[in-house]
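The values are calculated or read from the model by the stated rules, or taken from the named source; none is laboratory data. If you're wondering where the values come from, they're calculated on a predicted model, not measured in any experiment. Using ideal geometry, Cβ is built from the backbone for each residue, glycine included, and neighbour counts are taken over all protein chains shown. These accessible areas exclude ligands, DNA and RNA; they are computed on the full protein's heavy atoms, side chains included. Shrake-Rupley method; radii C 1.70, N 1.55, O 1.52, S 1.80 Å.
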Amino acid sequence: MYVCLCRGITDTQIRKAVQAGKTEFRQLKQSLEVGAQCGKCVRMTMAIIAAELDKAELAQTPLYYEVA
């Protein structure tokens with residue numbers, strides 16, 4: 001889905017950038033130019049960043065407890 005219509009940036013592009021280490025909005029703005037024109041995409045971009053960071057955190061959390 002298109003998140004930034006001004007620059008033609010999709011949610012997939014944003015997700016891939018976050019997975020590649022661009023975890024702050026200003027980094028995405030510099031690399032993808034998301035939010036550089038009208039700014040209507042900023043809220044959705046922030047939500048995608050948060051979702052990707054939550055997903056990465058869950059992937060690192062073990063699903064079991066270690067017994068000593």
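Take Lys22 and tell me if it is assigned to a loop (DSSP other than H, G, I, E, B) and either modelled with pLDDT under 95 or open to solvent by 50 Å² or more (accessible area, probe 1.4 Å) (or both). Here the answer is yes, as Lys22 does meet what is asked. Can you name the residue in segment 39-55 that is part of a loop (DSSP other than H, G, I, E, B) and open to solvent by less than 80 Å² (accessible area, probe 1.4 Å) and is also farthest from Met1 (Cα to Cα) among such residues? Taking the candidates together, the pick is Gly39.
Whenever a residue of segment 1-28 is under 14 Å from Glu52 (Cα atoms), its partners that are open to solvent by less than 30 Å² (accessible area, probe 1.4 Å) and in a strand (DSSP E or B), lying with C-beta atoms within less than 6 angstrom and at least six residues away or across chains, give the pairs Asp11/Val3.
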